[in-house]
Amino acid sequence: MIRGSKLGWAVNALAYLVLALFTFAVVFPLLAVVFDSLKSQNEFFTNPWGWPLQPDLSNYSYAWGEAHIPLFMLNSTIVAGATTLFTLALSATAGYAFSRFRFRGGRALFFMFVVLLIVPAPVSIIPLYVIIANLHLMDTYFALILPYTAGGLPLGIYLLRAFFSAIPRELIDAARMDGCTEVSAFWRIVIPISRGGLATVAILSFVGAWNEFFLALLFIHNSNLLTLPLGLQTFFFQYHVQWPYYFAGLSTAIIPIIVVYLVLQRQFISGLTAGAVRG
């Protein structure tokens, strides 16, 4: 018993140590960005990792006004919001079809979506560029919304199919017997039960679209359509970099992601847990 208790204590201590190190590795860079956003240029170079000795909020006002952050944030909100809505709508309907109906080629089609999860993104860059150019979508929101949605569909369909498959068929059949059509049963029964999975897909889709940089660099050249990551890079690295201003812009860019996560936090955690159990 003594050896078992000591071994259990050692395992728990090691687990907490690993979690503490992981938490530090994730949280410290975020805190460093916030701390550096409150420093002057001189203090940043003399004390890059420490607490700001004389916090300066003017960095935020400069970044907000001179770097056109409101415009960039509006563009990112439009792109990320539309991407999230399209990804949710298409993933939910496709995931429900794969889980509920049996049709010829259904398994092969679902397998293709699963395979797309492991295909490296750079493989599709050249054909994607050709498609966007031929459709005359360069310098439009849809040049980003459509590829982001296509990129988020494989994971969204995979997750939501698992959620929908776990719903008892008897529940949907009972709704059909009460007069619901397949569509109304989907909206009234399936969607409310699957809030956790939908929130998981929504957060992953929104964060992915909000943070994406490379496709925006390829497809957007109009300064009025730049998304926030591209706009910050273009503005602050055009001349000599003022790092505190840049970190102030980065701190501002993090806020919408934190808000979305806090709003959907409970559903997101329950969705990940349920997905792990059902998967």
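Out of the residues in the range 96-106 meeting the condition of being of a type outside the set (Lys, Arg) and either out of contact with any Gly (no Cβ under 7 Å at 6 or more places or on another chain) or without any contact (Cβ under 8 Å) to a residue 12 or more places away in the chain (or both), tell me which one is surrounded by the most Cβ atoms within 10 Å (Cβ to Cβ). My answer is TYR96.
Of all the residues in the range 4-49, those that are assigned to a helix (DSSP H, G or I) and under 22 Å from GLY249 (Cα atoms) number 19. At least 3 residues being modelled with pLDDT under 85, under 29 Å from SER61 (Cα atoms) and in the same structural domain as ILE69 (by TED's automatic domain parsing) is the threshold, and among the helices (runs of 4 or more DSSP H) wholly inside the range 166-279 those reaching it are 228-236, 243-263. Filtering the range 73-115 to residues that are over 18 Å from the mean Cα position of the chain (by Cα) and aliphatic (A, V, I, L, M) leaves ALA94, ALA97, ALA108, LEU109, MET112, VAL114, VAL115.
Looking only at the range 19-55, count every residue that is more than 27 Å from the chain's Cα centre (by Cα), surrounded by fewer than 17 Cβ atoms within 10 Å (Cβ to Cβ) and not polar (S, T, N, Q) and tell me the total. The total comes to 7.
If you scan the range 174-183, which residues turn out to be over 20 Å from SER91 (Cα atoms) and surrounded by 12 or more Cβ atoms within 10 Å (Cβ to Cβ)? Selection gives ALA174, ALA175, ARG176, CYS180. Hey, any hits in the range 184-191 for a residue that's more than 20 Å from the chain's Cα centre (by Cα), within 23 Å of TYR261 (Cα to Cα) and surrounded by fewer than 18 Cβ atoms within 10 Å (Cβ to Cβ)? Yes, the conditions are met somewhere in the range 184-191. Please find, within the range 35-44, the residue that is modelled with the highest pLDDT out of those that are hydrophobic (A, V, I, L, M, F, W, C) and under 14 Å from TYR245 (Cβ atoms). Top of the filtered list is LEU38. Is the range 104-112 home to any residue that is farther than 30 Å from GLU170 by Cβ and assigned by TED's automatic domain parsing to the domain that holds ILE220? Yes, the conditions are met somewhere in the range 104-112.
The values are calculated or read from the model by the stated rules, or taken from the named source; none is laboratory data. Please read all numbers here as calculations on a predicted model, not as lab measurements. In this analysis, Cβ positions are derived from the backbone assuming ideal geometry, glycine residues included, and neighbour counts consider all displayed protein chains.
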